[in-house]
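To keep things clear, I will list the structure first and then write my remarks on it.
The values are calculated or read from the model by the stated rules, or taken from the named source; none is laboratory data. Since this is a predicted model, take the numbers as computed values, not measurements. Quick reminder, even Gly has a Cβ in these numbers, built from the backbone with ideal geometry, and neighbours come from all protein chains shown. What goes into the accessible areas is simple: the full protein's heavy atoms, side chains included, and nothing from ligands, DNA or RNA. Shrake-Rupley method; radii C 1.70, N 1.55, O 1.52, S 1.80 Å.
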Amino acid sequence: VECLGPVDPAAAEAGELGRPLTLAVTFVRGAGPGGDEGRVAVELPIPLSKFVGPVRLAEADFFQRWRQVGGPPREAQAVFAPRGGTLLDRLELIRRVGGIGLNIMDSIDQAAGGVVGVGILSCADLGKVGCMIRVEVNKEHKMYRCTVRSTNEVVSHMIRNLAEEIILAAL
């Protein structure tokens, strides 16, 4: 299975990113020309995270690339509160952000309880798209700020939406 490319921004705004893929399988029961032919359609809930691979970077390289990508339109950011008002502990936040397929850079933002990750989204239409995420935790106000920068603006929004969904998911 291959990721062909991101959905266009209009579809993203319309909430069509989570639409499941359908795999049509045709098969023959029994050997030879007398076998019965069958067909089944299988929905594949393949999240974008399955096409993201971790990348190792030195801290200085991370910040250099972060600045190179710059802000909008290749940056997507959201500030949100956890459901129920309880922040995740740092290890759980690392587990969830790392579950997107990113390499967690544990030495950055550690004191503030934040998480930084880097990865590459591989897709047929765009090739390899670099993705960087920074999730900051405001313990006083019980809020998260999730910032994603990538070399493709649609991918930035998709990864940011996915990160927010994963962070807010029930335990």
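Quick one: with all protein chains in place, what share of the accessible area of the stretch 35-171 is carbon or sulfur, to the nearest percent (1.4 Å probe)? Before the final figure, lay out the partial values.
Working: 3680 of 7330 Å².
About 50 percent, which is the carbon plus sulfur part of the accessible surface.
Roughly how many Å² is the accessible area per residue of the stretch 26-171, as a whole number, for a 1.4 Å probe? If you can, show how the numbers build up before the last one.
Working: 8140 Å² over 146 residues.
On a per-residue basis, 56 Å².
Work out how much length Ser49 to Arg145 would gain on full extension: take 0.36 nm times their residue separation and subtract the Cα-Cα distance, in nm to one decimal. Write out the running numbers ahead of the final one.
Details: separation 96, 0.36 × 96 = 34.56 nm, distance 1.98 nm.
Stretched fully, the Ser49-Arg145 segment lengthens by 32.6 nm.
Distance between Cα centroids, the stretch 152-167 to the stretch 86-120: provide it in whole Å.
15
Would you list, by chain and number, the lysines whose Cα falls below 17 Å from the Cα of Lys128, excluding same-chain residues fewer than 8 positions away?
Lys50
List the GluC sites (Glu not before Pro) in the stretch 86-150 that DSSP assigns to loop (not H, G, I, E or B) and whose Cβ has at most 14 other Cβ atoms within 10 Å. Which are they? Intermediate values should be presented prior to the final figure.
Working: sites: Glu92, Glu136, Glu140; in loops: Glu140.
The qualifying sites are Glu140.
Length gain on complete extension for the stretch Val25 to Gln68, per 0.36 nm per residue less the alpha carbon to alpha carbon distance? Let's see the in-between values first.
Details: separation 43, 0.36 × 43 = 15.48 nm, distance 4.41 nm.
Here the answer is 11.1 nm.
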